[in-house]
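Asker: Quick one: structure below, then a few questions.
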Amino acid sequence: MSHPLLIAPIGRSLLRLAGPTTALMLVQILVAVADVYFVGRLGTEALAGIALVIPFVTLMANIANGAMGGGVAASMARALGAGRIDDARAIVMHALVLAAAFGLLGGGGVALEQALSFSHVWFTGAVAIWASSFLAALLRGGGDATTPSLYGFVASLTYVPLAGVLTLGVADWPGLGLAGSAIASLVVATATALALARAVWDGRLGFIPSVTNTRLRRDIFREILNVGFMGSLTTVTANLTAMLVTGLVGRFGVAALAGYGIGARLEFMVAPVAFGIGSGLTTMVGVAAGAGVWRRAVKATWVGGLAAFVAIGLIGWTVALLPDAWSRIFTSDSAVIAASVSYITRVAPFYCLFGLGLALHFASQGAGRMAVPVAAGFARLIVATLGGWMIVEHTQLGLGGVFGAIAAGMIVYGCLIAGALLIAPWKNEPEPVTVATST
């Protein structure tokens, strides 16, 4: 029997898969704002302390959800698309073993060595973060985006007041400071992991997983990790690009750096939209690839990629037309506003290509074809950072020139991934007559 995602119209399926995840991502942006508020109430030292570990926290979360999580979702989708139910059952156990392994590694990493109460708590309990991420990925890969998104929404609503109380205290109790925020994260992650595990073992994947009768297999680990490690490499590359670009901008002074930070906030706001659409593409493409229906996989990829292009493009183009208004939301300093406007007018119009590239990256996870996205990520790194450095050292283009290099990096990133798929589509086989192709 064909998988439902091989029969339903592509557009409708993508909306059903991407809609809940995108909505959850937008809610979590608000949660991040609440976190900043709570930590800010603790004072400047707390803000400086959390700034030391947030890059590590964000990197691990992105790898767990988008990179390694994408590998888990893609493996499940391909197995179900091919009708390999026994392999799908085994993937559940393999994903949990990997979650435990990565969580234990995270507990002993560099970030834990930072003398901060937040990192001691958060990274020690990282197994819960990995487990909840991988269980959610299994459900998404099985075609159920609603359940993990619903549980994530409840977790977000629970986390905000819990973090507020544990961080700042209540009545005469002073709270736990930064450690309280970390404890709240782990409590919510543990509860979410347990709820997701129950959903998986209740048959939400279309079958009941088996633990006692599952033999660990090298080929399944390899399938998950091949996609996961390549995705992790692109995540690390993106973080390195951001760090190096920040260093280049910082050479123009504090106002330039602050203005860049205001402008770049927009990038962090549109990325969740791309992840929401992309996570749906991972499943749809994975199911089609597993079934050998490559023409449908490519068509779904273009539908989702163009959806991300338009949605994120509308955000970028709107702000690019009103850069001063966006900047004044965050500051009234004229020098900072000028730097922010310079960034927005040069970079925001090309967020559409950035969103297209990200969406196609997630689709590539489903297809198991990650070489081009990795190469595109490196190309963006070289163009944005080396190009920006050459502008600083050898031209008089100044800060605007650096922002132009950032925009060029996004253009190269999106065009490389899209161009490669356009010129050389993934394995193209005739579709069975039973498969619908309407959008």
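Asker: To the nearest 500 deg cm²/dmol, what mean residue ellipticity at 222 nm is calculated for the chain from DSSP H runs of n ≥ 4 alone, each contributing -39,500 (n - 2.57), summed and divided by the residues? Working shown, then result.
Answerer: Working: 17 runs with 336 residues, N = 439.
Mean residue ellipticity at 222 nm (helix-derived): -26500 deg cm²/dmol.
Asker: Continuing with this model, one more query. Report the relative contact order of the range 201-313, percent, no decimals, based on alpha-carbon pairs under 8 angstrom and at least 6 residues apart.
Answerer: 15
Asker: Report the residue, chosen from Q365, Q396, Q28, that carries the largest GNM mean-square fluctuation when the chain is represented by alpha-carbon nodes joined by springs under 10 Å.
Answerer: Looking only at Q365, Q396, Q28, the biggest GNM fluctuation is shown by Q396.
Asker: A further question follows. Could you let me know the centre-to-centre spacing of the range 364-396 and the range 170-201, using Cα atoms, in angstrom?
Answerer: First find each Cα centre; the distance between them is then 38 Å.
Asker: Whenever you get a sec, compute what percent of the accessible area on the range 225-355 sits on carbon and sulfur atoms (1.4 Å probe).
Answerer: Working: 3610 of 4980 Å².
The value for the range 225-355 is 72 percent carbon and sulfur by accessible area.
Asker: In vacuum, with every alpha carbon of the range 122-251 counted as one equal point scatterer, what does the Debye formula give for log10 I(q)/I(0) at q = 0.11, 0.13, 0.15 Å⁻¹? Two decimals, please.
Answerer: For the range 122-251 at q = 0.11, 0.13, 0.15 Å⁻¹, log10 I(q)/I(0) is -0.59, -0.78, -0.94.
Asker: Turning to a different aspect of this structure: Say the dipole of the range 133-221 comes from +1 at the beta carbon of Lys and Arg and -1 at that of Asp and Glu; which of G152, G180, V165 then lies farthest toward its positive end?
Answerer: Toward the positive end, the furthest listed residue is G152.
Asker: In sequence order, what are the phi-derived ³J(HN,Hα) couplings for the range 277-283 according to the Karplus relation 6.51 cos²θ - 1.76 cosθ + 1.60 with θ = phi - 60°, rounded to whole Hz, with x for glycine and proline?
Answerer: Result, rounded to whole Hz: 5, x, 5, x, 5, 3, 5.
Asker: Find how much the distance from F268 to F330 grows on full extension, using 0.36 nm per residue of separation minus their present alpha carbon separation; answer in nm with one decimal.
Answerer: Numbers: separation 62, 0.36 × 62 = 22.32 nm, distance 1.52 nm.
Separation in residues times 0.36 nm, less the Cα-Cα distance, equals 20.8 nm.
Asker: Given a 1.4 Å probe, how much area per residue of the chain is accessible, in Å²? It would help to have the intermediate numbers written out before the result.
Answerer: Working: 18610 Å² over 439 residues.
Result: 42 Å² per residue.
Asker: May I ask for the distance between the Cα centers of the range 269-297 and the range 338-361, given as a whole number of Å?
Answerer: Centre-to-centre (Cα) distance: 22 Å.
Asker: Based solely on C-alpha atoms, express the radius of gyration and the Dmax of the range 229-290 in angstrom.
Answerer: 16.1, 52
Asker: List, in order, the whole-Hz ³J(HN,Hα) value for each residue of the range 293-306 obtained from phi through the Karplus relation with A = 6.51, B = -1.76, C = 1.60 and θ = phi - 60°; use x for Gly and Pro.
Answerer: For the range 293-306, the Karplus-derived couplings read 9, 6, 5, 5, 4, 5, 5, 4, 4, 5, 4, x, x, 5 Hz, x marking Gly and Pro.
Asker: Output the relative contact order of the chain, whole-number percent, from Cα pairs under 8 angstrom with separation of 6+ residues. Kindly include the intermediate steps, with their values, before the conclusion.
Answerer: Details: 735 pairs, mean separation 99.3, N = 439.
Relative contact order, the chain: 23 percent.
Asker: Rounded to the nearest 0.05, what FRET efficiency is calculated for M243 and V27 with R0 set to 35 Å and r the Cβ-Cβ distance? Provide the component values of the computation, followed by the final result.
Answerer: Working: r = 28 Å, r/R0 = 0.79.
Once the sixth-power term is evaluated, E becomes 0.80.
Asker: Another question, if that's okay. Given N residues in the range 285-439, what is Rg(Cα) / (2.2 N^0.38 Å)?
Answerer: Here the Cα radius of gyration is 1.26 times the empirical estimate.
Asker: Which order do the peptides 281-287, 140-146, 253-259 come out in when sorted by mean C-beta neighbours inside 10 angstrom, highest first?
Answerer: Numbers: 281-287: 31.9, 140-146: 25.0, 253-259: 18.9.
Answer by packing, highest mean first, reads 281-287, 140-146, 253-259.
Asker: When the convex hull of the C-alpha atoms of the chain is computed, what volume per residue in Å³ does it have? Show your work: numbers first, answer last.
Answerer: Values: hull volume 62.0 nm³, N = 439.
For the chain, the hull spanned by Cα atoms encloses 141 Å³ per residue.
Asker: Next up: Where the centroid of each part is defined by its Cα atoms, how far is the range 299-325 from the range 129-146 in Å?
Answerer: Taking the Cα centre of the range 129-146 as reference, the centre of the range 299-325 is 27 Å away.
The values are calculated or read from the model by the stated rules, or taken from the named source; none is laboratory data. Bear in mind the structure is a predicted one, so any value in this text is a computation, not a measurement. For neighbour counting, all protein chains shown are included, and Cβ atoms are generated from backbone atoms with ideal geometry for every residue, glycine included. These area figures cover heavy atoms from the full protein model, side chains too; ligands, DNA and RNA do not enter into them. Shrake-Rupley method; radii C 1.70, N 1.55, O 1.52, S 1.80 Å.
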